[in-house]
1. For residue 302 and residue 239, what is the calculated FRET efficiency with R₀ set at 22 Å and r taken between the beta-carbons, to the nearest 0.05?
2. What's the exposure ranking of 39, 200, going from fewest to most Cβ atoms within 10 Å?
3. Do the alpha carbons of any pairs in 119/182; 49/119; 22/136; 22/76 sit beyond 26 Å of each other, and which pairs?
4. Return the distance in nm (one decimal) between the two label points of a simple spin-label model at residue 263 and residue 294, each offset 7 Å from Cα along Cα→Cβ.
5. With a sphere of radius 13 Å drawn around the Cβ of residue 49, what net charge do the other residues whose Cβ falls strictly inside it have (Lys, Arg +1; Asp, Glu -1)?
6. Taking the highest mean first, how do the peptides 259-270, 331-342 order by number of other beta carbon atoms within 10 angstrom per residue?
7. In nm, what is the difference between 0.36 nm times the number of residues separating residue 272 and residue 136 and their Cα-Cα distance?
8. Along the range 117-122, what does the Karplus equation 6.51 cos²θ - 1.76 cosθ + 1.60 (θ = phi - 60°) give for ³J(HN,Hα), rounded to whole Hz, x for Gly and Pro?
Amino acid sequence: MNKLKLVVVFILGSLAVNAQQKPYYTQYILNNYILNPALSGIENYTDVKLSYRNQWTGIDGAPKTMYVSIQGPINKKDYRTNATSYEIPGENPRGESYWESYTAAEPHSGVGLSIVNDKTGYINRTSVYGTYAYHKGISGRTSLALGFQAGFTNVSIDRSKITLPLDPQDPALGYDNGELKKFTPEVGAGVWLYSRDYFLGASVLNIIPGKAAFVKNAGNYGSSFSPQMFLTGGYRFLLGGDMSVLPSALIQYNSAQPVQVHLNCKVQYMDLVWFGGSYRITDELGGFAAMAGINVSNTFNIGYSYDLATTSRLQGYTGGTHEIIIGFLINNRYGDTCPRNIW
């Protein structure tokens, strides 16, 4: 079986009763917002992220995921009140003195928008979500945010590009030779608890179950959508005056797939550069990843990761996975080069 046939078998299998899972994000720690709407407006600036993920390089039709997200606060009061709150040249802007002055967020709202395109072979999924969150301090240094999202996903198949011999009466695709499209609504909600040293979050996406079937009386065939649950947490440790370490974990679950556990560790030097690694525990796409990034300025940052699968059935046919994420900080009044609340 050559590489193309192998991928097509994976693709056609996904048209059956199996539920569609959200895309993987190795660098989720750089943009937890993409998985939890409660992070809308968590910082003092508008955060824009663009990401591209090329999975299983070397295989035609392998998954490719792209997204753009933008989120920012509404009517958020400034947390800095005097000149000493700004960065002091030569000192770590995220050092011990900075965190000693950390305070909980003033009550405020946040809004956002995300557009995700996930393509595997001849199947293309495009999702568009709007989000809203409300943040409130519940103690001197701890804040709680509740968020919601609503939007839709368009699932399409370009049947005319399928060149392998197929039964024209395939129950999943029917007779139509053109592009098949189906829209399905999506609703999600999340909660995010955060302080100067830790964060805990939980979210549920695809709250409304459904199926995007391409033919009438499709029975078990179609692209099913079931609730997707995410639980994440992390804790920040200071190592001397210039270094910090952030271990974190993400648990991902839906009823039709095995539980997946993502373990992550990010080491940062001041507000300039960071590196890290992760390990994904799952029966399907388990493996290791290495990551690194740089905060180029207070308006631009970039991160890169490389994954190597160790348990995938495609392991012997493919190379690794590349993921890049680029961030822009808009209306960054205090010149931050690193997030205050999600590090």
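1. Result of the calculation: an efficiency of 0.40.
2. Ranking 39, 200 by Cβ neighbours within 10 Å, fewest first, gives 200, 39.
3. Listed pairs above 26 Å: 22/136; 22/76.
4. For the pair residue 263/residue 294, the computed spacing is 3.1 nm.
5. Values: positive: 53; negative: 43, 47, 323.
The answer is -2.
6. Values: 259-270: 18.2, 331-342: 16.5.
Packing proxy ranking, top to bottom: 259-270, 331-342.
7. Gain on extension, residue 272 to residue 136, equals 46.0 nm.
8. So the J values, rounded to whole Hz, are 10, 10, 10, 10, x, 9.
Values quoted throughout were computed directly from the atomic coordinates according to the rules given, and no laboratory measurement underlies them. Predicted model, so just to flag it, every value in this text is computed and none were measured. Counting neighbours? That spans all protein chains shown, and the Cβs are built from the backbone with ideal geometry, glycine included.
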